[in-house]
Amino acid sequence: MEKIVYRSGVNTFYELDNAYKLVDRKGKFAILDKDEKLLMKIIELLQGERSFYFNEGNGAFYLNIYENGRGKYYCSLRQLVVAFNMDGDFEQNLNTVKNNTVLLVNDKEDWNLKRSNLEFTGIDNNVNTFYSDGKNFFIRHNKTGYVVKTDLDKDLNELI
């Protein structure tokens, strides 16, 4: 059974048995972990007649927030969820995530943004993919699928 937990602009959040559902005015929706802290963060960002809008071109929800005439946040819902689930400062994490591609474990479930379905943030150079899960740094050889894992060390990661 769906129960409305929050409404902002053109978005409505529903509480499901084991998830939250974000729906836009056209009925496009995304499924999120039933995480109260994540929901509260999204509600905080949506204050003041703000909303996520669905981009038909690339099939993603986006949030665009301006403060003092300058863009403060411009990110996809997927980027926001990944940044929120990383350790450390949210804004810093969001900037890091925005500079990388966020892929899904199962790309057939485009709108299942439950944490278990978010694979990684990464940079793909056609030979190797570099990514982090917020705790470790990984390098995957795309042809063989072989993965190397190291500590999340900023200097080492930049050197690599």
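Values in this text are rule-based calculations from the coordinates and carry no lab data. Please read all numbers here as calculations on a predicted model, not as lab measurements. For neighbour counting, all protein chains shown are included, and Cβ atoms are generated from backbone atoms with ideal geometry for every residue, glycine included.
Just check segment 51-101 against the gyration tensor rule for me: Cα atoms, a ≥ b ≥ c as the square roots of the eigenvalues, rounded for a/c under 1.5, and otherwise prolate or oblate depending on whether a/b exceeds b/c. Oblate, since a/c reaches 1.5 and b/c is not below a/b. Of the cross-linked pairs Lys37/Lys149; Lys41/Lys114; Lys28/Lys98; Lys21/Lys114, those separated by over 19 Å at the C-alpha level are Lys37/Lys149; Lys28/Lys98.
The GNM of the chain, with springs linking C-alpha atoms under 10 angstrom apart, assigns the highest mean-square fluctuation among Gly57, Gly48, Gly145 to Gly57. Across segment 49-88, the relative contact order, built from alpha-carbon pairs under 8 Å that are at least six residues apart, equals 27 percent.
With θ taken as phi - 60° and the Karplus curve 6.51 cos²θ - 1.76 cosθ + 1.60 applied, the whole-hertz 3J(HN,Hα) list for segment 56-67 is 5, x, 10, x, 9, 7, 10, 10, 10, 10, 10, 9 Hz, x standing for glycine and proline. A Förster radius of 25 Å, combined with the Cβ-Cβ distance separating Asn58 from Asn142, puts the computed FRET efficiency at roughly 0.70. Stretching the chain fully between Ala19 and Thr150 yields a gain of 43.9 nm (0.36 nm per residue, less the alpha carbon separation). Distances over 18 Å make up what percent of all Cα-Cα pairs in the chain? Within the chain, distances greater than 18 Å cover 61 percent of Cα pairs. Take every pair of alpha-carbon atoms less than 8 Å apart whose residues are at least six positions apart; their mean separation over the length of segment 1-68 yields a relative contact order of 23 percent. Each label was represented as a point 7 Å from its Cα along the Cα-to-Cβ direction; for Asp87 and Tyr74 these points are 3.2 nm apart.
Over the chain, Cα pairs under 8 Å with separation of 6+ residues give a relative contact order of 12 percent.
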